[in-house]
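Trainee: Handing you this structure, nothing more for now.
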Amino acid sequence: MTQTVSRPTGAQPAPLPLDVEAIRADFPILTRTVRDGKRLVYLDSGATSQKPRQVLDAERWFYENVNAAPHRGAHQLAEEATGAYEAARATIGAFIGAPEREIVFTRNSTEAINLVAYALSNAATAKEEQFRRYAVGQGDEIVVTEMEHHANLVPWQQLCERTGATLRWLGLTDDGRLDLSDLTTVVNERTKLVAVTQQSNILGTINPLGGIVARAREVGALVLVDGAQSVPHQPVDVAALGADFLVFSGHKMLGPTGIGVLWGRYEVLDALPPFLTGGSMIEVVRMEGSTFMPPPQRFEAGVPMTAQAIGLGAAVEYLQGLGMDRVLAHEEALTGYALAALAEIPGVTVVGPPDTVARGGAISFTVEGIHPHDVGQVLDDLGIAVRVGHHCAWPVVRRYGVPATTRATFYVHTGYDDIDALADGIRAAQKFFGTV
Ligand code: PLP
């Protein structure tokens, strides 16, 4: 299939805030071709981002020069590994305005959310009084939203099953926003925790967390913010957020796979029992029982993902070098351009907010008469990588009455040319399936 490139009609778009060509040069994978020599148009950063050379180099540096298990052993390599691992924690903490002791390394956002969910159910049976403060049980309620990724839904369903608590949720409006009209009844005196995404992975919606956090505070509930799709794309400061927990994944923000972050307010973390237990999270171990380290070590059992933490530190430095304000402005410009481009194609419907107000660079759409998987297939033939399906947010596609969507997501190396390619690819799919 061949491609002709056409821009949306109307005014020339404003120059993008980031220098796309210079950034692309940092990403080795963007030099490869796919599907018989076509340029790789990578529009799937929402699933996982590509990695700049600086991140790959940081991991290689660790393995070639330092490799040892941190927080164990007294030899020089172990000492240096500990230093590098803890330096990464400090860098990542500073990125979200948090002290090091509030940064817990996990495998990804999913594990970070499970850590909190299991800590809350473990609290009910903890023998230590200090760990029972946030115990969840019968009569308690957990609140989520209909917009959540399965990672921020299923662990709470399971927590409710384990404890007898009840799951409640905030619904969605027809234009892809959270329906907050019943916020004060859904979040009430029985609510123990509110878990909400800052930016939807499927709709692109950026949620107004201020009112939700304020209501949770009024009733004494904890708040967990899923930042998997926000921390990579906009400045996030935990003090301004006002929540108790924030989770995010390294692999979605130019970092390695296998590393994620749970940020928790220290006072809350300190009152939680562990999730996983074993080496390095203990204070004293006797055959009769054990005591545990303070956070963050209490939540980092076993030899940690050391090279990955260091790689994530490098990714954070890369993003800081670009400036998160500019990353956000860049994606806003791309989103506006893409929404305009898609609006010009008859039969294309965007599932999610139709404009750039409080909206990030994840655009889900359907094409009349063509199954989303078939759209994805035609795009793939053209070298364009998008995601198709329910995007691990099945209740959302159900809410909007579609079987699935095709989703394009943007990042720092995305340019107008990528979006032109997407629009032309959709037109090619329409031609191929004879729907125009
Ligand atoms: N939350 C959101 C909003 C996501 O988009 C994702 C992944 O796509 C996750 C959570 C889960 O992230 P991970 O698979 O890295 O744990």
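The values are calculated or read from the model by the stated rules, or taken from the named source; none is laboratory data. Given the structure is predicted, the values throughout are model-derived calculations rather than measurements. With ideal geometry, Cβ positions are generated from the backbone for all residues, glycine too; neighbour counts draw on all protein chains shown. To get the accessible areas, we keep the full protein, side chains included, count just its heavy atoms, and leave off ligands, DNA and RNA. Shrake-Rupley method; radii C 1.70, N 1.55, O 1.52, S 1.80 Å.
Trainee: State whether the residues of the stretch 281-295 include one that is closer than 30 Å to Gly336 by Cα and away from the ligand (no atom under 11 Å from the Cβ).
Mentor: No, every residue in the stretch 281-295 fails to be closer than 30 Å to Gly336 by Cα and away from the ligand (no atom under 11 Å from the Cβ).
Trainee: Any residue at all in the stretch 196-206 that is over 16 Å from the mean Cα position of the chain (by Cα) and more than 20 Å from Gly264 (Cα to Cα)?
Mentor: The answer is no; no qualifying residue exists.
Trainee: Here's something else I'd like to know. Of the residues Arg217, Arg177, which single one is under 20 Å from Arg265 (Cβ atoms), among the basic types (Lys, Arg) and modelled with pLDDT of 95 or more?
Mentor: It is Arg217.
Trainee: Shifting gears a bit: Restricting attention to the stretch 204-247, which residues are open to solvent by less than 10 Å² (accessible area, probe 1.4 Å) and at positive phi?
Mentor: Result: Gly204, single match.
Trainee: Has the stretch 27-39 got at least one residue that is touching a Pro at 6+ places or on another chain (Cβ under 9 Å), surrounded by 18 or more Cβ atoms within 10 Å (Cβ to Cβ) and not basic (Lys, Arg)?
Mentor: Looking through the stretch 27-39, at least one residue is touching a Pro at 6+ places or on another chain (Cβ under 9 Å), surrounded by 18 or more Cβ atoms within 10 Å (Cβ to Cβ) and not basic (Lys, Arg).
Trainee: Another question, then. So in the stretch 248-269, with the set limited to residues that are more than 15 Å from the ligand (Cβ to nearest atom) and in contact (Cβ under 8 Å) with a residue 24 or more places away in the chain, which one is surrounded by the most Cβ atoms within 10 Å (Cβ to Cβ)?
Mentor: Result: Gly264.
Trainee: Next question, about the same structure. Return yes when Glu80 is open to solvent by 70 Å² or more (accessible area, probe 1.4 Å) and either more than 16 Å from the ligand (Cβ to nearest atom) or part of a helix (DSSP H, G or I) (or both) and no when it is not.
Mentor: Criteria met by Glu80.
Trainee: If you don't mind, another one. Taking the criterion of being away from the ligand (no atom under 16 Å from the Cβ), under 24 Å from Glu331 (Cβ atoms), within 27 Å of the chain's Cα centre (by Cα) and hydrophobic (A, V, I, L, M, F, W, C), would at least one residue in the stretch 57-64 satisfy it?
Mentor: No, the stretch 57-64 contains no residue that is away from the ligand (no atom under 16 Å from the Cβ), under 24 Å from Glu331 (Cβ atoms), within 27 Å of the chain's Cα centre (by Cα) and hydrophobic (A, V, I, L, M, F, W, C).
Trainee: Here's a follow-up. So for the stretch 174-186 (the condition being aliphatic (A, V, I, L, M) and within 16 Å of the ligand (Cβ to nearest atom)), does at least one residue qualify?
Mentor: yes
Trainee: Being surrounded by 22 or more Cβ atoms within 10 Å (Cβ to Cβ) and of a type in the set (Ser, Thr, Tyr) is the filter here; which residues of the stretch 270-314 pass it?
Mentor: Passing the criteria: only Thr306.
Trainee: Any residue in the stretch 383-397 that is farther than 12 Å from Leu43 by Cβ and among the charged types (D, E, K, R)?
Mentor: Checked against the condition, which is being farther than 12 Å from Leu43 by Cβ and among the charged types (D, E, K, R), the stretch 383-397 yields no hits at all.
Quick grid of which residues meet (1) of a type outside the set (S, T, N, Q); (2) over 19 Å from Gly255 (Cα atoms); (3) assigned by TED's automatic domain parsing to the domain that holds Ile259:
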| residue | (1), (2), (3) |
| --- | --- |
| Ala25 | yes, no, no |
| Ile29 | yes, no, no |
| Arg35 | yes, yes, no |
| Lys38 | yes, yes, no |
| Glu59 | yes, no, yes |
| Phe62 | yes, no, yes |
| Ala69 | yes, yes, yes |
| Ala87 | yes, no, yes |
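Trainee: Any residue at all in the stretch 332-344 that is open to solvent by 10 Å² or more (accessible area, probe 1.4 Å), within 18 Å of the chain's Cα centre (by Cα) and acidic (Asp, Glu)?
Mentor: Checking the stretch 332-344: at least one residue is open to solvent by 10 Å² or more (accessible area, probe 1.4 Å), within 18 Å of the chain's Cα centre (by Cα) and acidic (Asp, Glu).
Trainee: Something else now. If I filter the stretch 184-193 for residues that are among the hydrophobic types (A, V, I, L, M, F, W, C) and touching a residue at least 60 places away in the same chain (Cβ under 8 Å), do I get at least one hit?
Mentor: yes
Trainee: Next question. Give me a count of the residues in the stretch 133-144 that are more than 16 Å from the ligand (Cβ to nearest atom) and either at pLDDT below 95 or assigned to a strand (DSSP E or B) (or both).
Mentor: Total satisfying the criteria: 3.
Trainee: What is the residue count in the stretch 231-247 for residues that are within 11 Å of the ligand (Cβ to nearest atom) and touching a Ser or Thr at 6+ places or on another chain (Cβ under 8 Å)?
Mentor: 2
Trainee: Val316 - would you say it is out of contact with any Pro (no Cβ under 7 Å at 6 or more places or on another chain) and not in a helix (DSSP H, G or I)?
Mentor: No, not satisfied.
Trainee: With Val196, Val187 as the choices, which residue is closer than 28 Å to Gly250 by Cβ and either open to solvent by less than 20 Å² (accessible area, probe 1.4 Å) or at pLDDT below 95 (or both)?
Mentor: Val196
Trainee: Another question about this same structure. Any idea how many residues of the stretch 87-121 are within 16 Å of the ligand (Cβ to nearest atom) and among the charged types (D, E, K, R)?
Mentor: Number satisfying all stated conditions: 2.
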